[in-house]
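The values are calculated or read from the model by the stated rules, or taken from the named source; none is laboratory data. These figures come from a predicted structure and were not determined experimentally. All Cβ positions, glycine included, derive from the backbone under ideal geometry; neighbour counts span all protein chains shown. Side chains included, ligands, DNA and RNA excluded: accessible areas come from the protein's heavy atoms. Shrake-Rupley method; radii C 1.70, N 1.55, O 1.52, S 1.80 Å.
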Amino acid sequence: MFEKLNLLIPIGNFIRNKSIQNFLFLAIIQSSNVLISIISMPLLIQSIGADQFGLVNLSLSVIILLNILVGFGFNLSAPREVAIRQTDREALSHVVSNVFSAKILLAAIATFLILIGAFGFNLFPEYRMILIFSVLLLFSEATLPLWFFQGMEKMKLVSIANIFSKLLFLMGIVLFIQKPEQSKWVNFLMGFFGLGINLTLLGYIHGFMGIRFYRPEFSSIWKNLRDNILLFFSNLASHISINGGLIILSFFSSAETLGMYSLAERVVMVLRLFPALIIQAVFPNASKLYQLDRPAFFTFLRRVYFRVLLGGALISAGAFVAAPWIIQILSRGQMLESVIYLKLLAFIPFLACINVGNVTMMLVADLKELLFRASWMLCLYMVGISTYLTGLMGGVGLCIGIISTEIVVFVICLFLLYRHKKDLLHGFYL
């Protein structure tokens, strides 16, 4: 009995740790997003067809790209600002007001860019209306208070709200999306329910947490934008490198091919969350060890790195072997082209894991400029090689280009660390 109690007490302390709770609730949010995405795929393909499914995903890719503008690095910088001012409600209210004001302003600018592109320059002809109806997702992103709850270390409510929002979206698909002509409402429903839940959370922040909303202070907003400029461009470049493939493919292939590729890409992007979640999980402890005990930091990071590599290898192998079954389950049919894409892209989760050590070292050492350089060198490589290979071989060429990108980013990070921070490189690898 006493042995059991001794085992339970450390586990209880482990679960009560704020950092662990943050990670667990972030994992719940990502898991619910993944689960709803997997459930919605066969429903959408069956109701609107593979070609419209591809156009819906292409529109979503454009919106997600513009969401980088809406976020503008606040998702990385704002939690720190909130954490510092947790006990000062007045200062916290000003931070919250300015961040939300800035993000809503950026969402309005992004919407204006879409409208100008669609109607002024006649862009997006095949999926113009789907894209126009998708702009609500920009304001859903602008009002998402995830960064606030991260800084306050109170992630439970926002994770429950996220799950509820996704369930409402799934219900909306079942009830309202029945034929291809209704494809424009898919992303609209996602944005509508997300925005509604976010506004409810803002009401809770104001009514129950004592946060007041002030008029925006444009001088503070401008300062925040200037401070976040490197984070914004790093995030933009990383996003293009990871998620820009579908947009490149749209210039060379039909809507049906886009649907086939986007199905495989969604599966792989879900699996690719594994190394990102690991970095988020270890970052707080790694940062403390880096400051207080450098040898312990390297020991800790090496231990994490080897486990991540093993996990990534198992995930990639499983995706490769199970590719035909996964595609059949998700599409409820035989989509051989999607199986080929998934087998090729199955290597990405493992290849993404090999750079976990380098990225973690750059983050804990606050090497924003190196991350910026690495992100844009990678972005230029990805766009160039993927465009060339896609023009030659279509979707297969795009898959090869994206695979090579994951290898190149590892080499780039190694090179930059060797040039500018040799002590980190030697401490970790040697």
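Numbers at a glance
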quantity	calculated
Qualifying residues in region 317-338 (those that are of a type in the set (Val, Ile, Thr) and crowded, with 20+ Cβ neighbours inside 10 Å) - the one nearest to ARG307 (Cα to Cα)	ILE326
Pairs, first under 13 Å from MET260 (Cβ atoms) in region 312-340, second of a type in the set (Asp, Glu), C-beta under 7 Å, six or more apart	none
Failed item in (1) part of a helix (DSSP H, G or I); (2) open to solvent by 60 Å² or more (accessible area, probe 1.4 Å), with PHE252 passing the rest	(1)
Criterion (over 20 Å from the mean Cα position of the chain (by Cα), under 23 Å from SER262 (Cβ atoms) and open to solvent by 40 Å² or more (accessible area, probe 1.4 Å)) met by exactly one of PRO180, PRO216	PRO180
Residues satisfying the stated conditions in region 340-367, i.e. surrounded by fewer than 24 Cβ atoms within 10 Å (Cβ to Cβ) and of a type in the set (Gly, Ala, Ser)	ALA365
Residue within region 79-92 that is in a helix (DSSP H, G or I) and within 27 Å of LEU246 (Cα to Cα) present	no
Yes/no for PHE274 being in contact (Cβ under 8 Å) with a residue 24 or more places away in the chain and aromatic (Phe, Trp, Tyr)	yes
Close pairs (9 angstrom Cβ cut-off, 6 or more residues apart or separate chains): within 15 Å of ASN355 (Cβ to Cβ) in region 235-247, of a type in the set (Lys, Arg) anywhere	ILE242/ARG272
Qualifying position, being outside any loop (DSSP other than H, G, I, E, B), under 23 Å from ALA323 (Cβ atoms), in contact with a Phe, Trp or Tyr (Cβ under 9 Å, 6 or more places away or on another chain) and among the hydroxyl-bearing types (Ser, Thr, Tyr), among SER262, SER241	SER262
All positions within region 143-166 that are over 29 Å from LEU58 (Cβ atoms), without any contact (Cβ under 8 Å) to a residue 60 or more places away in the chain, open to solvent by 20 Å² or more (accessible area, probe 1.4 Å) and not basic (Lys, Arg)	LEU157, ILE160
Residue ranges of helices (runs of 4 or more DSSP H) in region 362-430 with at least 3 members over 30 Å from ARG294 (Cα atoms), in contact (Cβ under 8 Å) with a residue 40 or more places away in the chain and out of contact with any Ser or Thr (no Cβ under 6 Å at 6 or more places or on another chain)	368-393, 395-420
Which listed residue is within 19 Å of ASN198 (Cα to Cα), assigned to a helix (DSSP H, G or I) and open to solvent by less than 50 Å² (accessible area, probe 1.4 Å), from SER140, SER47	SER140
